[in-house]
Amino acid sequence: MKINARKAAVIPAIIGLGILVRAYVVFVIKPISGDTAVFALMAKHIFELKEFYIYMPMAHYAGAFYSYLSAALFALLGVSYSSFMIVGILSSCAGLIIGCVISNKILNSSGVIISDILIALPAFGMIYYSLYIGVNAENFLFIPLLLLMAIKINRREYANRAVFMAATGLISGLALWLTPAVIPVVLTIMTLFVIGNRGRLLTGAIALFLAGILIGYLPAVIYDFLHPGAAFFRMAGRVLDLNRSALLSPDPFGMICGKIFWRFSTIPGSLARIPRFTSELISLPLTILLFVSIAVSFKGAARRFIRNKYVDDIGVIAIYVLWFIIFYTMLVGEGAGRFMAPLAIVAPFLIGDTLSRIKKFKARHLLLTLMIAALIFCNMGTITRASSVFAAARYTKLTDWLIMNNVTRGYSDYDTAYIVQFESKEKVLVSPTLFDPTFCDRWPENTKMIRGADDVCYIIDGRQYPHIIEPFEKNLSGFGQRYRKDIIGDFTVYRKISHTLEPKDVMSGITAQGKR
């Protein structure tokens, strides 16, 4: 869509501001999480030629491609949080630019500006997850990229159809290896093969697309060959809340069938939760505007398809949203705002299209003003939380203290354990089994080493788990355990604890519930 010169000059400024905000988040706020630290540790192991991953350990749906890119940066810049996050910021900025390209392609001049503002300066949670390597950052790059390719396929905008279809399949296969969240956009492309192009079935294009997927998905195919059934059972376990022990039950078939019926029974509840979890990510006013826009796009796309037998650009986005809703309700159904990121990624296009259809200038700008105000209000809370809870600086302070005092073996929560291990370059080994013994499964050998240490420490994050400190100390006293207590910033470190005591003993009756 052509826009006037004045508005065209604004777009680079919006994109530039979006890039600056992302750089500020990475290099000033420096948010980090346990999952991000796991991918950073994977990159470190790859760089050291110790281990070559296909998936995140015990998560056979999160491909390790970004860890390989980070390992290459470690070779150039050294092992550090900053060098690791370069891949995240490049991925996020690339997704930002691709999103703006889509806006410019499918929206009118008013819609482009609105959409680009929402893409470049969204709710802070969206920026955070776009940098959050390990399923999330990958979504923010590959979903817009594949949507752009879907729009080009629908418009037949390619110089060589065979090459373009194969390339689209290749990127789709790579994306499917990295994150299952791209399944809705891959299904969107396949839907366009069936109902797009004015009803002509593109069988040759489908064949090339599927061949490309197979090549792009090759790392996962190799993994399944080396570990038969591992990826399938991990995904099935995630969807049906099962593990391999189900096969050892007296009636495994009955158990699996029961879980399938259970999953179907959760669909209405999952569907009802989508708006609430979306509002956690992008604010309630924007969520309301998004779902109004979804309804408008569905109605308009369906009417135009029935009338003209043609899927327009907004229709492509509407098909994607429909597939996402089916995918989430049937296969995911989990309760967290971040699972709504694939839906929120297309919110700028739908909201931009809806607002641009409002002919009254004042009404449109009033809604835009209210939308920006809602974003600012939403960001006030999320930025404060990210800055205080997930800022790398507070973990760095803890790690430095542990190394200086030669405290190198211990137990803590998932986030603290893996972040400290990466920050210390694995000089300090911390098992993430404070609350859940299965969390050691990513690197169980580390937990074995900790159990064999002469004395161990327990690290309690007082900012996230203040409620457990008092009962934890009571449990230690109940075992007649003497200990040394040190407070480092938000963290309380209990030292000189016998290795014969394990988390399941000292954490008896204590859970992570009440985490703030």
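The values are calculated or read from the model by the stated rules, or taken from the named source; none is laboratory data. Just so it is clear, the model here is predicted, and its values are computed rather than measured. Cβ coordinates were reconstructed from backbone atoms using ideal geometry, including for glycine residues, and neighbour counts include every protein chain displayed.
Are there any pairs with C-beta distances below 6 angstrom linking a residue in the range 288-305 that is in a helix (DSSP H, G or I) to a residue that is surrounded by fewer than 17 Cβ atoms within 10 Å (Cβ to Cβ) and modelled with pLDDT under 90, with the two at least 6 apart or on different chains, and if so which?
Listed pairs, sorted by first residue: none to list.
Would you check if Leu90 is surrounded by fewer than 22 Cβ atoms within 10 Å (Cβ to Cβ) and under 16 Å from the mean Cα position of the chain (by Cα)? If you could, list the steps in order and put the result at the bottom.
Working: surrounded by fewer than 22 Cβ atoms within 10 Å (Cβ to Cβ): yes; under 16 Å from the mean Cα position of the chain (by Cα): yes.
Yes: the conditions hold for Leu90.
Please state which one of Ile97, Ile54 is surrounded by fewer than 21 Cβ atoms within 10 Å (Cβ to Cβ) and touching a Gly at 6+ places or on another chain (Cβ under 8 Å). Don't jump to the end; show me each part of the working.
Numbers: Ile97 fails: touching a Gly at 6+ places or on another chain (Cβ under 8 Å).
Unique residue meeting the criteria: Ile54.
Would you call Arg303 basic (Lys, Arg), surrounded by 14 or more Cβ atoms within 10 Å (Cβ to Cβ) and in the same structural domain as Thr329 (by TED's automatic domain parsing)?
On the way: basic (Lys, Arg): yes; surrounded by 14 or more Cβ atoms within 10 Å (Cβ to Cβ): no; in the same structural domain as Thr329 (by TED's automatic domain parsing): yes.
Answer is no for this residue.
Looking at (1) at pLDDT below 80; (2) touching a helix residue (DSSP H, G or I) at 6+ places or on another chain (Cβ under 9 Å), find the lone condition where Val163 falls short.
Val163 satisfies every listed condition except (1).
Could you say which residue among Phe74, Phe84, Phe27 is at pLDDT 95 or above, assigned to a helix (DSSP H, G or I) and not small (Gly, Ala, Ser)?
Every option except Phe74 fails the conditions.
For Ile106, are the conditions met, namely being crowded, with 19+ Cβ neighbours inside 10 Å, assigned by TED's automatic domain parsing to the domain that holds Val21 and β-branched (Val, Ile, Thr)?
For Ile106, the condition - crowded, with 19+ Cβ neighbours inside 10 Å, assigned by TED's automatic domain parsing to the domain that holds Val21 and β-branched (Val, Ile, Thr) - is met.
Out of the helices (runs of 4 or more DSSP H) lying entirely within the range 412-516, which hold 2 or more residues that are under 25 Å from Phe39 (Cα atoms) and not assigned by TED's automatic domain parsing to the domain that holds Ala43?
Answer list for the range 412-516: 414-423, 444-451.
Name the residue that is nearest to Lys448 (Cα to Cα), counting only residues in the range 489-511 that are buried (at least 17 other Cβ atoms within 10 Å of the Cβ) and under 31 Å from the mean Cα position of the chain (by Cα).
Restricting to residues being buried (at least 17 other Cβ atoms within 10 Å of the Cβ) and under 31 Å from the mean Cα position of the chain (by Cα), the top hit is Pro503.
Does Val21 count as in contact with a strand residue (DSSP E or B) (Cβ under 8 Å, 6 or more places away or on another chain), part of a helix (DSSP H, G or I), more than 21 Å from Ala181 (Cα to Cα) and not acidic (Asp, Glu)?
No.
Being of a type outside the set (S, T, N, Q), over 21 Å from the mean Cα position of the chain (by Cα) and crowded, with 22+ Cβ neighbours inside 10 Å is true for just one of Leu281, Leu350. Which residue is that?
Working: Leu281 fails: over 21 Å from the mean Cα position of the chain (by Cα).
None of the other options fit; the residue is Leu350.
Could you tell me whether any residue of the range 454-463 is farther than 18 Å from Ile510 by Cα and surrounded by 21 or more Cβ atoms within 10 Å (Cβ to Cβ)?
Taking every residue of the range 454-463 in turn, at least one turns out to be farther than 18 Å from Ile510 by Cα and surrounded by 21 or more Cβ atoms within 10 Å (Cβ to Cβ).
Testing Ser67 on (1) more than 20 Å from Val10 (Cα to Cα); (2) of a type outside the set (Asp, Glu); (3) surrounded by fewer than 24 Cβ atoms within 10 Å (Cβ to Cβ), one condition comes back false. Which one is that?
(3)
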